[in-house]
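Student: Before we start, here is the structure in question, set down as structure tokens.
Readers should treat all values here as calculations from the given coordinates under stated rules, not as data from a laboratory. In this text the structure is predicted, and so the values were computed from the model without any measurement. Here the Cβ positions follow ideal geometry from the backbone for every residue, glycine too, while neighbour counts run over all protein chains shown.
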Amino acid sequence: MMRSHNMLKGPIWKEILIFFFPILLGYLFQQLYNTVDAMVVGNFVGTIALGAVGGSTSIIINLIIGFVVGLSAGATVIIAQFIGANENQKVHLTVSTTMIMNIVLGMILMVIGLIFSKDMLKLLSVPDEMMKDALVYLRLYLLGLVPTMIYNAGAGILRAVGDSKRPLYFLIAASITNIVLDILLVVYGHMGVAGAAMATIASQVVTCVLTLYVFQDKDEIYYLDLKHMNFDYALFKRIIGIGLPTAIQGSVYSFANLFIQASVNSYGTISVASFTAFGKIDMFFWNFSGAMGASCLTFVGQNFGAKQFERVKKGIRIALVMFLIGSIGITILSISFGEHFYRLFTQDPEVLKVGMQILWLVGPFWNVISFLEIYSASLRAMNVILAPMLMSLFGVGVIRIFWVLFYPGKSILDTLLVYPLSWCLTSFFFIVFYNSGLWKKKRKSSQKKER
């Protein structure tokens, strides 16, 4: 049964919302099992263990996954454009090439990560009392990296063809698996952070198996023949051409956050635990942001491929308004109920106090990210790749690293002030670039190539 769906017709706001909600729910379920890890570990193992499974290990994991997802985004853009241009045969070859690329890269990154995991944690100044648990969690997580990459590649492909529902179903299954195993291994099995990591690995394997199963449907445009997988070098170069700058752009955030995390670690266990707990609230916003960006990328990619440029322009405006409304709502809810949420992870009054201070500092600036996320996704979908990377590289990477290295902060709040500052600066860059009309030159170039 064909489940691909194009976004070339119909009310734009409706098309985006229909596509957006399954992605958002999928991200939330993924966040759910990460949050359950933190809840179970924080309440049944302790504050030190909570900092070990969050904080530095999460930053390293996000750096690796962010790079890989960025590379896969090259395939998402290309497939979305092929769908819009009705070039279905090229979709099949792109799917096979993408999967081979992710499997090989996953194995390479897993080996490198296992070898240098302890060195990476030391560079981040992980407190001595957290080092053992952090190392166990990180190494076990890395063992499940290949299944994670297969799922992420598959989810990006499904969304490119307009199917945002089945990645959601996969993550629901993974969440159930993770929650059940967290309870069995950590609460009853007393396996500590190792049990939480093993539960996460099992959930990743579930998403991988379900993804590969769905890709065996011969009636689908994205059918993958596991016995006869083909690798097209020309398509690989196109994927890398779009994906590598996108991967660098995404990795800039995680790389800069390594410096921020190292600074936070230097303030002690309370600051680390507070930042880890705040990260769970912060991630809910980033789930919303990522879902809006993914929806906009598919919408713009398909319509750009179909050369419906006025619909592209209108869709970007509508997506911006939707993002602003949603981000303001999330900010109000987070600040209003933040302390209640924190209590799910810890009852430590100092952690609660510092966590709320962080939320008041950062939360009010989430809406600024609307311009960064929507313009960045839209430009990538139109093959404008280098400019978004450079703007993010300077506005996020350089600014955050310089702030940590040269600003003599006295508390965690001094360090984290760089978050809203870098968001405002980078969003300003994107607003100026997009409204300058330079991206339209890329559109005209695309039109000439099609003639």
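Student: Between segment 17-83 and segment 323-383, what is the C-alpha centre distance in whole Å?
Tutor: 16
Student: Shifting gears a bit: State, to one decimal in nm, how far the label point of Val180 lies from the label point of Leu421, with both points 7 Å from Cα in the Cβ direction.
Tutor: 4.9
Student: To the nearest 10 degrees, how steeply does helix 438-450 sit against the main Cα axis of the chain, on a 0 to 90 scale?
Tutor: Computed tilt is about 40 degrees.
Student: I'd like the distance between the alpha-carbon centres of segment 226-268 and segment 191-213, rounded to an integer number of Å.
Tutor: With segment 226-268 and segment 191-213 each reduced to a Cα centre, they are spaced 22 Å.
Student: A further question on this structure: Suppose each label sits 7 Å from its Cα in the direction of the beta carbon; what would the Asp128-Ile112 distance come out to in nanometres?
Tutor: Result: 3.2 nm between the two label points.
Student: Here is a follow-up. May I have the extent of the alpha carbons of segment 290-334 along their three principal axes, as whole Å values ordered from largest to smallest?
Tutor: So the three principal-axis extents are 40, 16, 5 Å.
Student: What list of ³J(HN,Hα) values in whole Hz, one per residue of segment 334-339 in order, does the Karplus curve 6.51 cos²θ - 1.76 cosθ + 1.60 (θ = phi - 60°) give from phi, with Gly and Pro shown as x?
Tutor: Karplus-based 3J(HN,Hα) across segment 334-339 equals 5, 5, 5, 10, x, 5 Hz.
Student: Further question on the same structure: For segment 211-267, what number results from the quotient of the Cα radius of gyration and 2.2 N^0.38 Å?
Tutor: Compared with the compact-globule rule of thumb, segment 211-267 sits at 1.85.
Student: Taking 7 Å along the Cα-to-C-beta vector as the label spot, tell me the Tyr169-Phe337 distance in nanometres, rounded to one decimal.
Tutor: A separation of 2.9 nm, rounded to one decimal place.
Student: Of Lys218/Lys440; Lys122/Lys165; Lys227/Lys313; Lys9/Lys218; Lys237/Lys280; Lys122/Lys353, which ones are farther than 31 Å apart at the Cα?
Tutor: Lys218/Lys440; Lys122/Lys165; Lys227/Lys313; Lys237/Lys280
Student: Could you quote the convex hull projected area for segment 84-150, Cα atoms only and averaged over all directions, in nm²?
Tutor: 6.0
Student: With angles folded into 0 to 90 degrees, how steeply does helix 145-160 sit against the dominant principal axis of the chain? Use alpha carbons for both and round to 10.
Tutor: Around 40 degrees separate the two axes.
Student: Then there is this: Please quote Rg/Rh for the chain to two decimal places, taking the Kirkwood radius as Rh and restricting both calculations to Cα atoms.
Tutor: 0.96
Student: Okay, moving on. For the chain, with only Lys/Arg (+1) and Asp/Glu (-1) charged at the beta-carbon, what is the dipole magnitude about the Cα centre, in debye rounded to 20?
Tutor: 1920
Student: If segment 269-406 were replaced by its equivalent ellipsoid, with semi-axes equal to the square roots of 5 times the Cα gyration tensor eigenvalues, what would those be, largest first, whole Å?
Tutor: Sorted largest first and rounded, they come to 34, 18, 11 Å.
Student: For Leu405, Leu25, which order do you get if you count the other beta carbons within 10 Å of each Cβ and list the fewest first?
Tutor: Leu405, Leu25
Student: Could you tell me the relative contact order of the chain? Use alpha-carbon pairs under 8 Å, at least six residues apart, and round to a whole percent.
Tutor: 25
Student: Taking the highest mean first, how do the peptides 376-386, 69-79, 339-349 order by number of other beta carbon atoms within 10 angstrom per residue?
Tutor: 69-79, 376-386, 339-349
Student: If one takes the longest principal axis of the Cα atoms in the chain, at what angle in degrees, from 0 to 90 and to the nearest 10, does the Cα axis of helix 233-265 lie?
Tutor: Tilt relative to the chain: about 20 degrees.
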